Structure formats: structure tokens, C-alpha cells
Amino acid sequence: MTTASKITLARIFMIPVLMFTLYMSGGEGGMWMRISLAVFVIASLTDFVDGQIARKCNQVSDFGKFLDPLADKLLTIAVLTIFCEWGWLPAWALMIVLTREFAVTGLRLVAVGKGTVIAAAWSGKIKTASTMIGLSALMIFTHNTVLFWLVTAVILLTTIYSGVEYFVKNWKCLWQ
């Protein structure tokens, strides 16, 4: 197993720790929320680090191509789900995010079955980065209603845009 893949696995193993610390915070500021923020930021940064190592050290692998986006999805969806439970994010917004993730994953599976690999698009990378930054901001400013709606809007706009882009660019995969 490559170093890059080990870093990606570490991100996945941080998710239960993050969920525990978020639950301990109860959605309030304080020590547990600061710990949650630290765990989330470290986990988010591993997304950048594992990609850099994979490319720089020639460690790009099929396992890594599968695991890295899965780790990103699990990390952000875990936090979004807790925020939804706390009333920080409407359930319909979470459903839009989940629908996009399942749809793009399904499209990629169909494409692979036909011998085509759909590479990660820049819009997907921007969606992931803006989601991670937005969720971090919500952990810092826990009771800012305007920020909650602004972050929700950014997450939804980048999610919808990137999802539409994947389907527009790869529509032919569904009809071949």
C-alpha cells in the first residue's frame, strides 16, 4: 500500500473521532468544538497531501483513485449529517448533496463498465474545497444564522454545478 493511500485511510479513520467530538460539543462552541475543528481541518488537509504525494512520488493507483473521493464524501457527509441533525442545515439541502454524490458515482460506475475512466473535474475539487472551508467556518462561528445560509448556498451551488458538469461532459457514457 502506498504512502498516499495510507494518508487517505487515516482520513477515513478520523471520521469517527470527528463525529464523537462533534457530538460531545453539542453544537456549542468550547473545547469540544475546537477539537472537532482541529480534527476536521487536519482530515481535510490530508486530501491535499495525499494527492500531492501520489503525483510527486508516482504513487497514483486504482485503489487511491477509488479511496480518495470516497474519503472526501464520507468526511463531508458525516459533518453535514450532524449539522442537519442540529438544525444547522436543512434536510432538503443534505438530500441534494447526497443525490449528486450518488448520481456522479453511478455515472462513473457505468463509464468504467464501458471502459472509460471519468477523471475528477476541477469543479468537483472546488466543490470539495468550498464545502470543507464552509464547514470549518460553521464550526468557528456556531451561532451565525447568516453564515449558515451563506455556507449552505455555496455548498449547494458548487454541488449542483459540478454534478451538472459531470453529466454534460460524460452524457455519452450512458448511451453507448
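The values are calculated or read from the model by the stated rules, or taken from the named source; none is laboratory data. Worth saying up front: this structure is predicted, and the values here are computed from it rather than measured. Neighbour counts are summed over all protein chains in view; Cβ atoms, including those assigned to glycine, are modelled from backbone coordinates with ideal geometry. Areas reflect the complete protein model, heavy atoms only, side chains present, ligands, DNA and RNA absent. Shrake-Rupley method; radii C 1.70, N 1.55, O 1.52, S 1.80 Å.
Restricting to region 151-166, name every residue that is farther than 20 Å from residue 107 by Cα and among the β-branched types (Val, Ile, Thr).
Those that are farther than 20 Å from residue 107 by Cα and among the β-branched types (Val, Ile, Thr): 151, 152, 154, 155.
Only residues that are out of contact with any Leu (no Cβ under 6 Å at 6 or more places or on another chain) and more than 12 Å from residue 3 (Cα to Cα): list them for region 41-62, please.
The initial filter retains those residues of region 41-62 that are out of contact with any Leu (no Cβ under 6 Å at 6 or more places or on another chain), namely 41-42, 44-62.
41, 42, 44, 45, 47, 48, 62, listed by residue number.
Where residues in region 132-155 are assigned to a helix (DSSP H, G or I) and among the polar types (S, T, N, Q), which of them is most open to solvent (accessible area, probe 1.4 Å)?
145
Can you tell me which residue within region 64-73, out of those that are in contact with a helix residue (DSSP H, G or I) (Cβ under 6 Å, 6 or more places away or on another chain) and not acidic (Asp, Glu), is most open to solvent (accessible area, probe 1.4 Å)? Break it down into steps so the answer makes sense when it comes.
Here is the first cut: in region 64-73, the residues in contact with a helix residue (DSSP H, G or I) (Cβ under 6 Å, 6 or more places away or on another chain) are 64, 67-68, 71-73.
Still in the list and also not acidic (Asp, Glu): 64, 67, 71, 73.
On the way: 64: 20, 67: 12, 71: 0, 73: 36 Å².
The residue in question is 73.
Quick check: anything in region 87-95 in a helix (DSSP H, G or I) and touching a Gly at 6+ places or on another chain (Cβ under 7 Å)?
Here is the first cut: in region 87-95, the ones in a helix (DSSP H, G or I) are 91-95.
Right, trim to touching a Gly at 6+ places or on another chain (Cβ under 7 Å) and you get none.
Checked against the condition, which is being in a helix (DSSP H, G or I) and touching a Gly at 6+ places or on another chain (Cβ under 7 Å), region 87-95 yields no hits at all.
Anything in region 97-131 that is buried (at least 17 other Cβ atoms within 10 Å of the Cβ), closer than 12 Å to residue 77 by Cβ and of a type in the set (A, V, I, L, M)? List them, or say none.
97
I'd like to verify a number: residues in region 156-174 that are without any contact (Cβ under 8 Å) to a residue 40 or more places away in the chain, open to solvent by 50 Å² or more (accessible area, probe 1.4 Å) and among the β-branched types (Val, Ile, Thr), how many? I'd like the intermediate steps shown before the answer.
To start, the set of residues in region 156-174 that are without any contact (Cβ under 8 Å) to a residue 40 or more places away in the chain comprises 157-158, 161, 164, 168, 171-172.
Those left that are additionally open to solvent by 50 Å² or more (accessible area, probe 1.4 Å): 157, 161, 164, 168, 171-172.
With among the β-branched types (Val, Ile, Thr) added as a condition, the list becomes 164, 168.
Of the residues in region 156-174, 2 are without any contact (Cβ under 8 Å) to a residue 40 or more places away in the chain, open to solvent by 50 Å² or more (accessible area, probe 1.4 Å) and among the β-branched types (Val, Ile, Thr).
What are the pairs, 6+ residues apart or on separate chains, where a residue within region 91-120 that is under 11 Å from residue 163 (Cα atoms) has its Cβ under 8 Å from a residue that is modelled with pLDDT under 85?
From residues that are under 11 Å from residue 163 (Cα atoms), the pairs are 107/118; 107/173; 107/174.
Could you tell me whether any residue of region 85-94 is closer than 25 Å to residue 38 by Cβ, open to solvent by less than 30 Å² (accessible area, probe 1.4 Å) and under 16 Å from the mean Cα position of the chain (by Cα)?
The answer is yes, given that some residue of region 85-94 is closer than 25 Å to residue 38 by Cβ, open to solvent by less than 30 Å² (accessible area, probe 1.4 Å) and under 16 Å from the mean Cα position of the chain (by Cα).
Being touching a residue at least 24 places away in the same chain (Cβ under 8 Å) and not in a helix (DSSP H, G or I) is the filter; apply it to region 26-59 and report the residue that is most open to solvent (accessible area, probe 1.4 Å). Break it down into steps so the answer makes sense when it comes.
We begin by selecting, within region 26-59, every residue touching a residue at least 24 places away in the same chain (Cβ under 8 Å); these are 27-29, 33, 36-37, 39-44, 46-47, 49-51, 53-54, 57, 59.
Filter again for not in a helix (DSSP H, G or I), leaving 27-29, 57, 59.
Details: 27: 3, 28: 94, 29: 46, 57: 77, 59: 39 Å².
The residue in question is 28.
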